[in-house]
Amino acid sequence: MDKSSLIYVAGHRGLVGSAILRRLQSAGFENLLTPSRTEVDLTDQYAVEGFFDCERPEYVFLAAAKVGGILANSTYPADFILQNLQVETNVFDSARRAGVKKLLFLGSSCIYPKLALQPLKEEYLLTGPLEPTNEPYAVAKIAGIVMAQSFRRQYGLDAISIMPTNLYGPGDNFDLETSHVLPALIRKFHEAKLAGEWRVTVWGTGTPRREFLHVDDLADAAVFLMERYSSEKIVNVGVGEDVSIGELAALIADVVGYEGEIVYDPSKPDGTPRKLLDITRLARLGWEPKIGLREGIEQTYRWYVETGGMRGDD
Ligand code: GFB
């Protein structure tokens, strides 16, 4: 990519897309396409084809997706599989027809089997059953990976797929029903502190382990890989360390300044027991994360307090 390349960030109002946009802008890329959802509904085949035909982007970051935490995934399984498949098929096919030079597809660490060995190596894809709470989402993301590989083989589209671990940061969703754990706990502890409440409930048993990557690190890795990587092999993007949900809760309570009790609700699902990525492939390419978990949570908490968690829709 050079600074005048025409770049389309699909999903630019979401957590990931907005971070990629910030990263591109700060690096001096000046030709960025960011149509709103009313201008281009990515689930609408004709709208997407028309957009690509007309604008002819050279590079595409496919960060648009229907995403959510464990409860949203279990509650709306049809929306998760349908909308993600629609966006993927529309964007891949339109990109190919319009002669896009390169496309980067964002997958997810939930594509790996529920009980795979840890840390999760890229080659564990499709070696075992998935975690049931997010199987529809994971199947759609696996379809996107196979689509990238197939369009590369059949049409020569330079499509690459990267698999981020659990992400967080400014622009995240703080809705308690649909969010992921990290923003949910920031909000719960913050509201409890303000209301003088002495009890906060954390879902599940607190024992599952998760790896958390700041979205600005992910955006940096995405631009790095767009510029330097070309292969059908998927690439994990993570930090190489995980924490239990209990440890995460204690850390967030400390950052927020909540001093009350933390209780667990085991009637809520734990999800997959552990999801730690092996990041050797990415490290060999020369990239490493920069933002530590505590520092990232502090920065995200500041953003939440300043904005009230208001975000664009993804
Ligand atoms: O972040 P989360 O919703 O998604 O939940 P997953 C992670 C863990 O945190 C689970 C626990 O064990 C939850 O039970 N948890 C505790 C909470 N308190 C809360 C809370 O207040 N809210 C939430 N949301 N969780 C998602 C997938 O799985 O990960 C998606 O469903 C996607 O498909 C995403 O892959 C990255 O890590 O379990």
Per residue, how large is the accessible surface of region 1-121? Use a 1.4 angstrom probe and give square angstrom. 42 Å²
Between region 239-271 and region 13-52, the alpha-carbon center distance in angstrom: 34 Å
Between helix 215-228 and the chain: long-axis angle, C-alpha atoms, 0 to 90°, nearest 10: 20 degrees
Highest to lowest packing among 284-290, 49-55, scored as the average C-beta count within 10 Å: 49-55, 284-290
Run the numbers for GLN25 and LEU115: contour at 0.36 nm per residue of separation, minus the present Cα-Cα distance, in nm. 28.4 nm
Give or take rounding to whole Å, what are the principal axis extents of the alpha carbon atoms in the chain, in descending order? 58, 42, 38
In whole percent, how big is the carbon plus sulfur part of the accessible area of region 6-76, probe 1.4 Å, protein atoms only? 46 percent
Taking the Cα atoms only, what angle lies between the long axis of helix 245-256 and the longest principal axis of the chain, rounded to 10 degrees? 80 degrees
Would you mind telling me which residue in TYR168, TYR229, TYR46 has the biggest mean-square fluctuation in a Gaussian network model of the chain, where springs connect alpha carbons within a distance under 10 angstrom? TYR46
Under unit Cβ charges (Lys, Arg +1; Asp, Glu -1), what dipole magnitude, rounded to 20 debye, does the chain have relative to its Cα centre? 640 debye
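Could the peptides 209-221, 24-36 be put in order, highest first, of the mean number of other beta-carbon atoms found within 10 Å of their residues?
209-221, 24-36
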Nearest 500 deg cm²/dmol is fine: what mean residue ellipticity at 222 nm does the chain get from its DSSP H runs of n ≥ 4 alone, each adding -39,500 (n - 2.57), divided by its residue count? -13500 deg cm²/dmol
Express the carbon and sulfur contribution to the solvent-accessible surface of region 235-276 as a percent, rounded to the nearest whole number, probe 1.4 angstrom. 46 percent
Within region 221-267, which GluC sites (Glu not before Pro) sit in a loop by DSSP and count at most 11 neighbouring Cβ atoms inside 10 Å? GLU259
Simple Cβ-charge dipole of region 192-314, Lys/Arg +1 and Asp/Glu -1, about Cα centre, in debye nearest 20: 300 debye
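The values are calculated or read from the model by the stated rules, or taken from the named source; none is laboratory data. Since the structure is predicted, the reported quantities are computational estimates derived from the model, not experimental observations. Note: ideal-geometry Cβ built from the backbone for every residue, glycine included; neighbour counts use all protein chains shown. We work out accessible area using only protein heavy atoms, side chains counted, and drop any ligands, DNA or RNA first. Shrake-Rupley method; radii C 1.70, N 1.55, O 1.52, S 1.80 Å.
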